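The structure appears right after this line, and notes come after that.
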There are 2 protein chains.
Amino acid sequence: MKAKAKQPDVTEERKEQATAWFRTLRDEICAALEKIEDDATGAELPAGRFERKAWDRRNEDGTPGGGGEMALLRGRVFEKAGVNISAVHGSFSEQFRKEIPGASENGGAFWAAGISLVLHPRSPLVPIVHMNTRMIVTSKSWFGGGADLTPAVPFEQDTADFHAALKACCDRHGADYHARFKKWCDEYFFIKHRNEARGVGGIFYDYLDSGSWDADFAFTRDVGQTFLSIYPQLARRHMNDEWTPAQRERQLVKRGRYAEFNLIYDRGTRFGLMTGGNTEAILMSLPPEAKWP
Amino acid sequence: MKAKAKQPDVTEERKEQATAWFRTLRDEICAALEKIEDDATGAELPAGRFERKAWDRRNEDGTPGGGGEMALLRGRVFEKAGVNISAVHGSFSEQFRKEIPGASENGGAFWAAGISLVLHPRSPLVPIVHMNTRMIVTSKSWFGGGADLTPAVPFEQDTADFHAALKACCDRHGADYHARFKKWCDEYFFIKHRNEARGVGGIFYDYLDSGSWDADFAFTRDVGQTFLSIYPQLARRHMNDEWTPAQRERQLVKRGRYAEFNLIYDRGTRFGLMTGGNTEAILMSLPPEAKWP
């Protein structure tokens, strides 16, 4: 009798692939942002460099639960740029698993990996930006993510170019993706108590499981690459321009609104804080300085 | 047959008494803070004055639901001082009434009035302070409130004097009040995700219904008067002292933590924002400027 050939664990292989990709993308983004720091002219400050810091996560029962790596740059173009990757696993609480697809069916066990960044430029002419992509596994498996722009001083061309890049990306993967994910973004990044949008939008998607993991992973990689191709262009467009104190003031107030959104509504932030995540990494999104005048 | 003498509605009378008191206390506090603004020396800025702004509240069905009055001062001792009073009534949502004592028994109908203030001094040597007292009526009726101090640069004497004043106040009304309400304050104003206290504490009480409305109202008035007797002393103690840029930086970071607490945990803030309260009044507690470096 022949021994049965050992089947490779498809899910484990995919987890590794996704984790490796998030790390690669992190490296590429950090390099691109440091290049921007190098290329800025006229600033009195030195070019910023990312400082990396690894952290370990423990589950409630004390067992290892994965971890992540923060990268934080305080520079001359980017007053504060946080780029985080993580790969964590454990078990959702009884309460929380009800809210997560597929989590009730396997006792709450989950695995999640992703990359998340928020960039707070020094200049009010350079837009704040957020990008995140992630892969989640419960008894189901899916991708989620998106990117959205928050200019303090909006330029129509920037907004148009940002949306056009994301539309082209979406169109390469699904005919209805851009319409759906743009709308989702507008709905998600809305500050209800202010009755105002956080910024000018972008795309937001979640629970993406088209039936082809390869296709969904390809889309998620493309979102990351699209961010990398478009945002540096927007930053370079304005980074050497002078701004006025009134524009800086608008930026500081806009950042206050950004903090409100993240602390009150953002699912990732609240989920992380409520489930004992790494506070330093989670709150890296908060602005270096903000005003509520 | 003699007509039955009309009974005065005790609850309505009490609501009026409490509402009038919150207004009187507001006037006294605003006057005391403006006096501090006048008495500060060496500042280049003019003495600040409160600007008042009334607002009306509508219930979800469009009927009048009371309202309030904001008072905001931007001065030389107080970079931002917000003192709000309100008296509102309506019906709690099905969901929310489960969380409120006595609200399920009368179809969710509620009445609430109170005063709430947060003072953000310009000097990091003068402590941030919060004070709030309120009367709530559902099918039950009770008082709640408290005061707590958040120094950026703590002085032991300030903390000791603040606690001593509140203890003396509590001791005048209930032998166990101070121990209970100080502990409650420490537990409530704790920033779990930072594993740190918001400040140095004070007192916090809620659902106070000792059986004597008069006694509970007297205690609540005393809390307000105690705040008025102690906090101006602490402000005057340091308001003319010079501070260092490092102390200002500590203050801006402390203010960031303060914003985190209010936006993530504070019951009044979250309740107000989630139930269509007056955003401008609710978020008057946010610091004029804050940092997350």
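The values are calculated or read from the model by the stated rules, or taken from the named source; none is laboratory data. This is a predicted model, so every value here is computed, not measured. Cβ: placed from backbone, ideal geometry, glycine included. Neighbour counts: every protein chain shown. Side chains included, ligands, DNA and RNA excluded: accessible areas come from the protein's heavy atoms. Shrake-Rupley method; radii C 1.70, N 1.55, O 1.52, S 1.80 Å.
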Can you list the aspartates and glutamates whose alpha carbon is less than 14 Å from that of A:K183, not counting same-chain residues fewer than 8 positions off?
-> A:D148, A:D206
Within 10 Å of the Cβ of an average residue in A:266-272, the count of other chain Cβ atoms is 1
Copies of A:Q95 compared via label points 7 Å along Cα→Cβ give distances in nm, shortest first, of 1.4
Expressed in nanometres to one decimal, the distance between label points 7 Å along Cα→Cβ at A:Q247 and B:Q233 is 5.1
Where q = 0.16 Å⁻¹, what log10 of I(q)/I(0) comes from the Debye formula for the range A:12-285, counting one point per Cα?
-> -1.33
Semi-axis lengths, Å, the protein assembly as shown, gyration tensor of Cα atoms, sqrt of 5 times eigenvalues | 47, 30, 23
Could you pull the copy-to-copy label distances for A:S212, with points set 7 Å along Cα to Cβ, in nm to one decimal and sorted shortest first?
-> 7.9
Once the label point is placed 7 Å from Cα along Cβ, list for B:E51 the distances to the corresponding points in the other copies, in nm, shortest first.
-> 4.1
Could you work out how far apart the two model spin labels at A:A179 and A:E196 are, taking each label as a point 7 Å from the Cα in the direction of the beta carbon, and quote it in nm?
-> 3.1
On the accessible surface of the range A:207-288, probed at 1.4 Å, how many percent belong to carbon and sulfur atoms?
-> 51
For all pairs of alpha-carbon atoms in the range B:29-164, what percent lies in each bin of width 10 Å, listed from the first bin to the last filled one?
-> 11, 31, 28, 19, 9, 1
Would you pull out the residues with amide H under 5 Å of B:G174's amide H, same chain only if 5 or more places away, H placed 1.01 Å from N?
-> none
Hey, which residue of A has the C-beta nearest the axis mapping A onto B, and what's the distance in Å?
-> A:L263, 2
Among B:R97, A:R267, A:R255, what's the order by accessible area (1.4 angstrom probe), most exposed first?
-> A:R267, B:R97, A:R255
Which shape class applies to the range A:126-284: rounded if a/c is under 1.5, otherwise prolate when a/b exceeds b/c and oblate if not, where a ≥ b ≥ c are the square roots of the Cα gyration tensor eigenvalues?
-> oblate
Quote the accessible area belonging to B:D39 in square angstrom, nearest 10, computed with a 1.4 Å probe and with ligands, DNA and RNA left uncounted.
-> 60
Rg/Rh over Cα atoms for the range A:194-248, Kirkwood Rh, comes to 1.16
Here the FRET efficiency for B:N59 versus B:R172, based on Cβ atoms and R0 = 51 Å and rounded to 0.05, is 0.85
Only residues of the range B:136-165 count here: report those whose backbone N is under 20 Å from the spot 7 Å along Cα→Cβ of B:N106, or say none.
-> B:136-145
19 Å tail of the calculated P(r), the range A:160-229, as % of Cα pairs = 34
Can you pull the accessible area of B:Y207 for me, 1.4 Å probe, Å² to the nearest 10?
-> 100
Just from its helices, what would the mean residue ellipticity at 222 nm be for the protein assembly as shown, if runs of 4 or more DSSP H residues each count -39500 (n - 2.57) and the sum is divided by every residue, rounded to the nearest 500 deg cm²/dmol?
-> -13500 deg cm²/dmol
